[in-house]
Amino acid sequence: MLKRKSLLERWLAGSGAPHLAIVGRSGAGKTTLTKKIIGNLLNNTSNNKVVLDFDNEYSDLPLQVLTPPFPLPRGVSLSWLLSQAVRPFREEGGGFGISGLLSLFLFEDDEDNMKIDEMITRVKTDHTIPFNIRFAALWRLNIIKKFFVFDNHDYNSSSSRFDLSMIPDIRERQVVEQILASLIIDRSPGPLFLVIEEGVPGEWLSDVLMLARRRGVRIIYVSQSLPPSSVLPSFEVVFFTPYFNTHPQLPLPINPSLDRGVWWIGALGVHRLSLG
């Protein structure tokens, strides 16, 4: 316990990698540990704390709760939203063709805030567009329509919890989570801790981390999967074992598919933790 607390305090003070990944199988204790960390932050730092709560597991925390449809602050355009919505599952349904199609429609109208219903109608009725690209584009447009509302107010950066569990479709929930992560970081006026719970691994994370670096945002990434190897050096990793999908970049002195324990791995070294 003392070892873990000391490492956490060092990380909160700016030592080691800028972000923290908490990785392990379902039921390993990731959420319990994350709640302890958030409790520490609530008691000891003045920075804002935002939780993207994928499965409504953080409802006992004293945070402002936001539910869908989520309000979009002043200045957020439809084109920005579309650029974020294209990233998740980009390799499916025509890949980058989706981005090109939606950008083309916005450019043709020379209107950044083209109404979402108008764009849905255009994509739906233009049969010159290949079916797979049209289907993927409509799916993203409908996610924006269902789960976001243009509020046109100044951004409220107070500590809050976004309850994503009210979105029944898991893939739609993942897209909304990734849009919110980019939005919260982009609009952060100062230091912020952002918890991305059940984060979906993917290259989109590199864009989020680049933006977080400029905005002074530190991410706590909670997932069953490790961050992609391209961004792993940006994280201190709390790693719950046993874990059957081993990762060659983790310098563990044990076999993580057999041994049971919790490890802190990163720029602060390799330490076995006691979470009692």
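The values are calculated or read from the model by the stated rules, or taken from the named source; none is laboratory data. Keep in mind that what you see is a predicted model, and the values were worked out from it rather than measured. So basically every Cβ, Gly included, is an ideal-geometry build from the backbone, and we count neighbours across all protein chains shown. Quick note on the areas: whole protein, heavy atoms, side chains included, nothing else; ligands and nucleic acids left out. Shrake-Rupley method; radii C 1.70, N 1.55, O 1.52, S 1.80 Å.
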Within the range 67-76, residues being touching a helix residue (DSSP H, G or I) at 6+ places or on another chain (Cβ under 9 Å) and not in a loop (DSSP other than H, G, I, E, B) number 2
Restricting to the range 9-18, what's the tally of residues that are within 17 Å of Val51 (Cβ to Cβ) and open to solvent by less than 10 Å² (accessible area, probe 1.4 Å)?
-> 0
Would you check which residues across the range 43-66 are loosely packed, with under 14 Cβ neighbours inside 10 Å and within 26 Å of Pro189 (Cα to Cα) and list them?
-> Asn43, Asn44, Thr45, Ser46, Ser59, Pro62, Gln64
Filtering strands (runs of 3 or more DSSP E) wholly in the range 116-206 for at least 1 residues that are in contact with a helix residue (DSSP H, G or I) (Cβ under 8 Å, 6 or more places away or on another chain), at pLDDT 85 or above and more than 15 Å from Ser83 (Cβ to Cβ) gives 160-163, 192-197
If we scan the range 26-33, do we find a residue that is part of a helix (DSSP H, G or I) and open to solvent by 50 Å² or more (accessible area, probe 1.4 Å)?
-> yes
Does Leu258 fit the bill of being over 17 Å from Leu275 (Cβ atoms) and either modelled with pLDDT under 75 or part of a strand (DSSP E or B) (or both)?
-> yes
Under 7 Å between Cβ atoms, at least 6 apart or on separate chains: pull out the pairs that start in the range 5-18 with a residue that is free of Cβ contacts under 8 Å to residues at least 40 places away in the same chain and among the aliphatic types (A, V, I, L, M) and end on any residue that is in a helix (DSSP H, G or I) and surrounded by 13 or more Cβ atoms within 10 Å (Cβ to Cβ).
-> Leu8/Ile37; Leu8/Asn40
Could you check how many residues of the range 34-59 are part of a loop (DSSP other than H, G, I, E, B) and at pLDDT 90 or above?
-> 6
Of the residues in the range 218-255, those that are modelled with pLDDT of 90 or more and in a strand (DSSP E or B) number 12
Pairs, first under 21 Å from Leu209 (Cβ atoms) and surrounded by 18 or more Cβ atoms within 10 Å (Cβ to Cβ) in the range 158-185, second at pLDDT 90 or above and of a type in the set (Gly, Ala, Ser), C-beta under 7 Å, six or more apart = Ile185/Ala212
